[in-house]
Every structure is written in C-alpha cells, then in structure tokens.
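Chemist: Dumping the structure here so I can ask a few things about it.
The values are calculated or read from the model by the stated rules, or taken from the named source; none is laboratory data. Source: prediction; values computed, not measured. Neighbour counts are summed over all protein chains in view; Cβ atoms, including those assigned to glycine, are modelled from backbone coordinates with ideal geometry.
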Amino acid sequence: MNIFKGLSGMACLLITLGMMTGAQAQMPSELSGKSIKIIVPQTAAGASDSLARIMASELSKRWGANIVVENRPGAGGNIGSDIVAKSQPDGTTWLMSYSGTHAINPALYKNMPFDTAKDLKPLGSLATLPFVMVITPSLPIKSVADFVAYAKANPGKVNIASSGNGSVAHLLDNMMDKDAGIKTTHVPYKGVAASLTDVMSGEVQGTFASAPSVMGQIKAGQVRPIAVSATKRSAALPDVPTFAEAGLPALALDAWFAFFVPSGTPDALTKQIHAEINKVLEDPAVVAQFASKGASPMKTSLGDFQKIVDKDMAQWGQAVKDSGAKID
C-alpha cells in the first residue's frame, strides 16, 4: 500500500514538473534568464498601468520570469515611449501604449524625439476601452439629444473639460461639436482627476474620460454618463449607448491598448511573444480582470493590428489638425 502511495505521489510530482516545464518552455529561448521591463508612459493607477500590471503578473507566472512594470510619465507619454524606441531591440523592453498617445502625439507635438511609425512596432494588442462622456448631474440632461439641445439653447455657455490640449477628451469634444453642429467651450486641465472634480461640482458641465478613471464616480452618482465613444456598448456600462447609436457616428472610435517594441526586434521573436500574449487574453480570469477595469480583450494578428494603428494615426492626426492643437 505504501509503495503504491509512493508511486502515486511520484507520478503526481512528475506530472506537476512536466506542467511547469511546459509552461516555462513557452517563453522564447532568447528571453530565458532575462528580466523584462514594461514601460508605462503614464502615472500609476491609470488604465495603461492597470492593464500592464495584469499582463505582467500573468506572463510572469506562465514563464517563471521576472517582469517589471516601470512608470515613466511626462510629455504626454513621449518620455517613456522614447526610452523604449531607443532601447536594445532584444525583446526585453516593452512599451505599454494606447491610441491616445501613439496615434495622437505625432501630429500634436512639433518636435517628437523619435519617429513613432518607424521606431516602434506592435508586439500585441491587448484591449479596447471606451471613453465615456459624463455630465454634472445637476443638469436636466439624460441623453446626447438632450445635451445637443441644451448646447444649442446656450451657445458658448457649455464648458467641456479635458485632461489637456490635444488629449483624447479635447479631440472628442471638438469632433462632437463638428458632428452635432454645436459650439462648446474647451477647458483644459492638468489631468483627468482635476477635470472630474469640477464636473462633479458643476464648475464645468461635462468631460470625456476613460471608463476606469470614471467608473467610481458613475457608480456613486457623482457624474451622469450619456454615451460611450466606441464601436459597441461597454459591458461595464451596458445601459449607456454609443455615440453612433445616439446619432453622432464620427465618435464611434475604439481606444486601444497594446504592447510595442523597438522596430529592430527580430520578427521571429516578436511573433513568439505575440502568440503568448494572445493565449493570456483567452484566459477567463484575465478577461474578468479586464472587465473590472471596463476593458474588453483585443485579440488580433500583428498584421491586422498594424492596419488599425495606421488607420488611427491618420484619423486622430486629422482630428488634431482640425482642433488646431499644437505643443512645442
């Protein structure tokens, strides 16, 4: 009996070791024994940071590797992005980027320290995440139609906050004005937190904010959501229509989040890492973690995602041009 128990225990041990070896073997051999650094060019606790840490934790477990997330904010995301663009193309330094910086900054900044299109290439798309238009709850507005009617009845008196000139919120506000035939006043702030504070108090009438940054205020009734800027409704806000549903199709834009690496990184290595990223995005536990942040997994091929990046750089670039925003 003891012999069988011993054999059974050894069999379990061998199976466990085999599973561990199989999991670790999924890590590209070029990265074996090396630490991986994920640069987030925004501050901690935001959407980019949250998603990067979910992925880092999961890949660390699967690969048995040391994966560190490092926040390097500044210059609208250019500081952290520049670090990655100029790093060694060996697969150990990744950029956590999103459409708000990757597709907008090349048109917004006069003097970019690197060439976004030439110096960085996709490692893998991760998620889409809606921007939500929220208004101060003291206004008698429950829908986009109500807001448009209110803005037309009060020309020049409706103030829309943003997290800064050329930000996603600023450009969405400008696009909404153009699509709806209204004129609101743009009020730039230094970050989304300050802008939300003034929306809650009624100092300004509304703003656009990423779902993770405003979910708490929505749930607390401190702001009222009227539409999401996305191609489909958010699972986190299923009762809030898209702008396209509300009659403003120009704002049917998905904000994506993705990993990038220096363009010189070998294609074979990039493809191996990309395959592992897509496996993680299929994990129900990861899907649930993303959903808690208001995000939906975005599993694509590298080629298809590159087409999305190219399209968005052109579309957001035109939005920057139309807004007149420019930063030296």
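Chemist: Mind listing whichever residues of the range 73-93 are under 19 Å from Ser35 (Cβ atoms) and either surrounded by fewer than 20 Cβ atoms within 10 Å (Cβ to Cβ) or assigned by TED's automatic domain parsing to the domain that holds Val168 (or both)? Can you show your working first?
Modeler: Step one: of the range 73-93, the residues under 19 Å from Ser35 (Cβ atoms) are 80, 83-84, 86-93.
Across the range 73-93, the qualifying residues are Ile83, Lys86, Ser87, Gln88, Pro89, Asp90, Thr92.
Chemist: Need pairs with beta-carbon distance below 7 Å; first residue assigned by TED's automatic domain parsing to the domain that holds Thr265 and within 13 Å of Ser97 (Cβ to Cβ) and within the range 299-314, second at pLDDT below 95 and basic (Lys, Arg); sequence gap 6+ or separate chains.
Modeler: Here the result reads none, with nothing in the range 299-314 linked to a residue that is at pLDDT below 95 and basic (Lys, Arg).
Chemist: While we're on this one: So is Gln289 within 30 Å of Gly80 (Cα to Cα) and assigned by TED's automatic domain parsing to the domain that holds Lys118 or not? Don't jump to the end; show me each part of the working.
Modeler: Working: within 30 Å of Gly80 (Cα to Cα): yes; assigned by TED's automatic domain parsing to the domain that holds Lys118: yes.
Taking the combined requirement at face value, the residue satisfies it.
Chemist: Still on this structure, I have one more. Within the range 210-253, track down each residue that is within 25 Å of Met313 (Cβ to Cβ), out of contact with any helix residue (DSSP H, G or I) (no Cβ under 7 Å at 6 or more places or on another chain) and buried (at least 19 other Cβ atoms within 10 Å of the Cβ).
Modeler: Ala211, Val228, Ala230, Thr242, Leu253
Chemist: Still on this structure: So how many residues does the range 94-127 have that are in contact with a strand residue (DSSP E or B) (Cβ under 8 Å, 6 or more places away or on another chain) and surrounded by 21 or more Cβ atoms within 10 Å (Cβ to Cβ)?
Modeler: Filtering the range 94-127 down to residues in contact with a strand residue (DSSP E or B) (Cβ under 8 Å, 6 or more places away or on another chain) leaves 94-100, 102, 108-110, 114, 119-127.
The next check asks that each one be surrounded by 21 or more Cβ atoms within 10 Å (Cβ to Cβ); those that pass are 94-100, 102, 108, 120, 122-127.
Residues meeting the conditions: 16.
Chemist: Same structure again: Can you tell me which condition Ala45 does not meet? The list is (1) in contact (Cβ under 8 Å) with a residue 12 or more places away in the chain; (2) small (Gly, Ala, Ser); (3) assigned to a loop (DSSP other than H, G, I, E, B), and all the others hold.
Modeler: Among (1) in contact (Cβ under 8 Å) with a residue 12 or more places away in the chain; (2) small (Gly, Ala, Ser); (3) assigned to a loop (DSSP other than H, G, I, E, B), Ala45 violates only (1).
Chemist: While we're looking at this one, here's another question. Do we have Lys37 as of a type outside the set (A, V, I, L, M, F, W, C), in a strand (DSSP E or B) and not assigned by TED's automatic domain parsing to the domain that holds Gly221 here? Don't jump to the end; show me each part of the working.
Modeler: Details: of a type outside the set (A, V, I, L, M, F, W, C): yes; in a strand (DSSP E or B): yes; not assigned by TED's automatic domain parsing to the domain that holds Gly221: yes.
Judged against the criteria, Lys37 is a match.
Chemist: Looking at Leu123, Leu108, can you tell me which residue is of a type outside the set (S, T, N, Q), touching a Gly at 6+ places or on another chain (Cβ under 7 Å), touching a residue at least 40 places away in the same chain (Cβ under 8 Å) and assigned by TED's automatic domain parsing to the domain that holds Val40?
Modeler: On the way: Leu123 fails: touching a Gly at 6+ places or on another chain (Cβ under 7 Å).
Going through Leu123, Leu108 in turn, the sole match is Leu108.
Chemist: Can you pull out the residues in the range 281-301 that are assigned to a helix (DSSP H, G or I) and over 17 Å from the mean Cα position of the chain (by Cα)? Before you say what the answer is, go through the steps one by one.
Modeler: Of the residues in the range 281-301, the ones assigned to a helix (DSSP H, G or I) are 281, 284-292.
Scanning the range 281-301 gives Pro284, Ala285.
Listed here are the residues, each with its yes/no results for (1) within 21 Å of the chain's Cα centre (by Cα); (2) of a type outside the set (Asp, Glu); (3) surrounded by 17 or more Cβ atoms within 10 Å (Cβ to Cβ); (4) outside the structural domain of Ser99 (by TED's automatic domain parsing).
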position: Tyr150; (1), (2), (3), (4): no, yes, yes, yes
position: Lys157; (1), (2), (3), (4): no, yes, no, yes
position: Asp177; (1), (2), (3), (4): no, no, yes, yes
position: Gly181; (1), (2), (3), (4): no, yes, no, yes
position: Lys190; (1), (2), (3), (4): yes, yes, no, yes
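Chemist: Given the conditions (1) at pLDDT 95 or above; (2) assigned to a loop (DSSP other than H, G, I, E, B); (3) among the hydrophobic types (A, V, I, L, M, F, W, C), and given that Ala65 satisfies all but one, which numbered condition is not satisfied?
Modeler: All conditions pass for Ala65, except number (1).
Chemist: Further question on the same structure: Condition test on Ala44, is it farther than 27 Å from Ser323 by Cβ, surrounded by fewer than 17 Cβ atoms within 10 Å (Cβ to Cβ) and small (Gly, Ala, Ser)? Please lay out each step first, then the result.
Modeler: Details: farther than 27 Å from Ser323 by Cβ: yes; surrounded by fewer than 17 Cβ atoms within 10 Å (Cβ to Cβ): yes; small (Gly, Ala, Ser): yes.
So Ala44 fits the description; yes.
Chemist: Test each condition in (1) touching a Lys or Arg at 6+ places or on another chain (Cβ under 8 Å); (2) among the β-branched types (Val, Ile, Thr); (3) surrounded by 21 or more Cβ atoms within 10 Å (Cβ to Cβ) for Thr136 and report the one that comes out false.
Modeler: Here Thr136 meets the rest and fails (3).
Chemist: Hey, another quick one. Find all pairs meeting these conditions: Cβ atoms under 9 angstrom apart; at least six residues apart or on different chains; first residue within the range 51-77 and at positive phi; second residue in a strand (DSSP E or B) and not polar (S, T, N, Q).
Modeler: Qualifying pairs under 9 Å: Ala75/Tyr109; Ala75/Ile327; Gly76/Tyr109; Gly76/Ile327; Gly77/Tyr98.
Chemist: Do the conditions hold for Ser296, that is, is it outside the structural domain of Lys157 (by TED's automatic domain parsing), closer than 23 Å to Asp49 by Cα and exposed (fewer than 14 other Cβ atoms within 10 Å of the Cβ)?
Modeler: On the way: outside the structural domain of Lys157 (by TED's automatic domain parsing): yes; closer than 23 Å to Asp49 by Cα: yes; exposed (fewer than 14 other Cβ atoms within 10 Å of the Cβ): no.
Against the criterion (outside the structural domain of Lys157 (by TED's automatic domain parsing), closer than 23 Å to Asp49 by Cα and exposed (fewer than 14 other Cβ atoms within 10 Å of the Cβ)), Ser296 does not qualify.
Chemist: Sticking with this one: Within the range 240-263, is even one residue within 23 Å of Glu30 (Cβ to Cβ), at pLDDT 95 or above and assigned to a helix (DSSP H, G or I)? Lay out the reasoning, then the answer.
Modeler: First, pick out the residues of the range 240-263 that are within 23 Å of Glu30 (Cβ to Cβ): 258-263.
Filter once more, keeping what is at pLDDT 95 or above: 258-263.
Those still in the list that are assigned to a helix (DSSP H, G or I) too: none.
No, there is no match, as no residue in the range 240-263 is within 23 Å of Glu30 (Cβ to Cβ), at pLDDT 95 or above and assigned to a helix (DSSP H, G or I).
Chemist: Only residues that are more than 11 Å from Asp312 (Cα to Cα) and among the aliphatic types (A, V, I, L, M): list them for the range 90-106, please.
Modeler: The answer is Leu95, Met96.
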